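Okay, so here's the structure we're looking at.
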Amino acid sequence: MKILIVEDETSIAEVVSAYAKRDGYETVIASDGLEALEIFERDEIDLILLDLMLPKLNGEEVCRRVREKSSVPIIMLTAKSGESDVVEGLDTGANDYVTKPFSPRVLMARIRAQLRPKETRDNIASGAFADGRIEIDPERVEIRKDGTPIPVTKSEFLIFSTLVSKPIRTWSREEIIRTALGDDYDGFDRTIDTYIKNLRKKLAEPGHENGWIKTVYGFGYRFDDDK
């Protein structure tokens, strides 16, 4: 698997690359946002480590442009550590958010969590839902509405797949994290709200403004196609 490291601080990029190679990953380094997009278009990239403060094109814009074409996992690397910064990064389309300074070992655990083989995700649902209008394809890691693929991140895909798994029930934020994202996920539990908001926006339509995801106040979320 190949990791694209987008980082303008050479020392950080080299340390991360060394750890990734030690774990068996192939790496390629970009020192600015435009170079990152060029590499992404050229190479088969499995995960992107993305600094936010980059020359030529900032990390948020790189993330947006990648998300227009791909659901490849993106982990943001940044010195911005406030909760609002984390939420903004996830809203942009990132799967995870790691603040500097960081432990390379912890970072590698985050990478492994994002690249964990789909065979280990035995909770992933597949098939058609909402009277056949929504389809989940675990092989392609794809959600389709009325036959059209919806651009979702890997985390969004796993969360929605968990919500529609049988039997349909209400899931707490903690259960969603544990089942969909894994025990080694280290984000805020409230970031689940951001993932849900993004899914609703992508799946919403007249009559289903909530994107088939119902809020159960005081507890969590449930798949809802009974309107």
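The values are calculated or read from the model by the stated rules, or taken from the named source; none is laboratory data. Note that this is a predicted model, so its numbers are computed, not measured. Glycine gets a Cβ as well: all are built from the backbone with ideal geometry, and neighbour counts include every protein chain shown. Note: areas computed on protein heavy atoms with side chains; ligands, DNA, RNA excluded. Shrake-Rupley method; radii C 1.70, N 1.55, O 1.52, S 1.80 Å.
Sorting T10, T99 on solvent-accessible area from highest to lowest, probe radius 1.4 Å, gives T10, T99.
Against the criterion of solvent-accessible heavy-atom surface with a 1.4 angstrom probe, Y25, Y195 sort, most first, into Y25, Y195. Ligands, DNA and RNA are left out, and with a 1.4 angstrom probe the accessible area of region 1-107 is 47 Å² per residue.
Legend: residues M108, M1, sorted from most to least accessible area (1.4 Å probe; ligands, DNA and RNA excluded), read M1, M108.
For the chain, the share of accessible area belonging to carbon and sulfur comes to 48 percent (1.4 Å probe, ligands and nucleic acids excluded).
Between R110, R200, R140, the Gaussian network model of the chain with springs among Cα atoms under 10 angstrom shows the greatest mean-square fluctuation at R140. As a rough guide to protection, the peptides 66-74, 46-54, 204-212, 29-37 ranked by mean Cβ packing within 10 Å, highest first, stand as 46-54, 29-37, 66-74, 204-212. In percent, rounded to a whole number, the relative contact order of the chain is 14, using alpha-carbon pairs under 8 Å and six or more apart.
Taken about its Cα centre, the chain carries a charge dipole of roughly 540 debye when the Cβ of each Lys and Arg holds +1 and the Cβ of each Asp and Glu holds -1. For the cross-link pairs K2/K197; K69/K201; K100/K197; K69/K197, which exceed 23 Å when the distance is taken from alpha carbon to alpha carbon? Going by Cα-Cα distance, K2/K197; K100/K197 fall outside the 23 Å limit. The listed peptides 147-158, 13-24, ordered by packing as a protection proxy, come out as 147-158, 13-24 (highest mean of other Cβ atoms within 10 Å first).
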